[in-house]
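To keep things clear, I will list the structure first and then write my remarks on it.
The values are calculated or read from the model by the stated rules, or taken from the named source; none is laboratory data. Everything numeric in this text was worked out from a predicted model, so none of it was measured. Cβ atoms come from the backbone with ideal geometry, glycine included; neighbour counts cover every protein chain shown.
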């Protein structure tokens, strides 16, 4: 037993300035704390999923709650681990204040991203599963971390975005307010076309698409008398915001087919060139 104690309390590393000596026992305790923390996180996640999924809680909110609990438990585990090694946090912070100030100045953006991650998790303005438009990068949020988040674009490319971009930048969240979002397809027809027929054909194209909502109803707006065409916009609502470009493409195919069958012409851009002749 005495031999076992000698091995258990054998000093591995000594920090004279902190008056701290790390022994085999401290390392074993640290490993146990990490293992217990992981088990508690896993157990907590299982309990939350069982109880809250039954209440139809939003998957993004559920993920945010789990992330917050996980970070909270890790902070507690780190604190207990340091205390078990005899390292007093108050003394450690006081003795390294100048170093921390220097590090803080050099890592301002990092701390800004960390703070933004906490804000996102608490506020829930952006959640996992939301479709967002971030400076013309459109994608679905697949993960919200404490510093960065992941967005999966329509091209199946994952973009790593610092959380500060969501907090300080202009972000369009297509999933935040309602399930259906309004989009439009623009088309120009030749002057002299039957505008009422054009309107009818555009609405027929929208009515024939399975992924376009009937409520609110699609509608057509006569937008402008263009340089070489009459400009119309077909407005519609859909819940398929992530793949809306495919829906727009389907509509353009349908519109082109319907226009051809009914003698509606989509004109080429035209320019008149006037040449004046004269003597120099």
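The numbered conditions (1) touching a strand residue (DSSP E or B) at 6+ places or on another chain (Cβ under 7 Å); (2) exposed (fewer than 15 other Cβ atoms within 10 Å of the Cβ); (3) at pLDDT 70 or above are all true for residue 23 except (2).
If only residues of region 138-157 that are surrounded by 15 or more Cβ atoms within 10 Å (Cβ to Cβ), at pLDDT 85 or above and farther than 15 Å from residue 175 by Cβ are counted, the one that is farthest from the chain's Cα centre (by Cα) is 148.
All conditions in (1) surrounded by 13 or more Cβ atoms within 10 Å (Cβ to Cβ); (2) farther than 21 Å from residue 139 by Cβ; (3) at pLDDT 90 or above hold for residue 226, with the sole exception of (3). Here the condition is being touching a strand residue (DSSP E or B) at 6+ places or on another chain (Cβ under 6 Å) and touching a residue at least 40 places away in the same chain (Cβ under 8 Å); of 201, 251, it holds for 251 alone.
Of the residues making up region 207-217, at least one is over 19 Å from residue 263 (Cα atoms) and in a helix (DSSP H, G or I).
Collect the residues in region 120-149 that are outside any loop (DSSP other than H, G, I, E, B), touching a strand residue (DSSP E or B) at 6+ places or on another chain (Cβ under 8 Å) and over 16 Å from residue 162 (Cβ atoms), keeping them in residue-number order. Listed by number, the residues that qualify are 131, 133, 138, 140.
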